[in-house]
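Okay, structure first, notes after.
We did not get these values from a lab; they are worked out from the coordinates using the rules stated. For clarity, every value in this text was computed on a predicted model and none was experimentally measured. Cβ: placed from backbone, ideal geometry, glycine included. Neighbour counts: every protein chain shown.
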């Protein structure tokens, strides 16, 4: 069962996604100083397709190599400390995804 913090996060995320989608990316297009993007992917555990609609640009996504992650991860955590805190709370490695045109 989800706790109140998880439910709150889902509500805020859902609202953010709805605003982004309804305004075709004109609003809610930056969060924590970083640009927001639309990502279509497959769930790691569920195998279900996950689609987010909104303003898009075709990109190819790939997981950063260990060397790339070592260089980029500190910049990600500087921009949003929550990623670093999340990594400390889990045993799994959080992949850093690089999107390229």
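Things to note:
- Estimated FRET transfer efficiency when R0 is 22 angstrom, pair residue 40-residue 94 (beta carbons, to 0.05): 0.65
- Nearest-0.05 FRET efficiency for residue 30 and residue 73, computed from C-beta distance (R0 30 Å): 0.90
- Across the chain, C-alpha contacts under 8 Å between residues 6 or more apart give a mean separation that, scaled by the residue count, equals a relative contact order of 23 percent.
- Our helix-only sum for the chain, with -39,500 (n - 2.57) per DSSP H run of n ≥ 4 divided by its residues, gives a mean residue ellipticity at 222 nm of -13500 deg cm²/dmol.
- Legend: ranking of residues 60, 21 from fewest to most surrounding C-beta atoms inside 10 Å; resulting order 60, 21.
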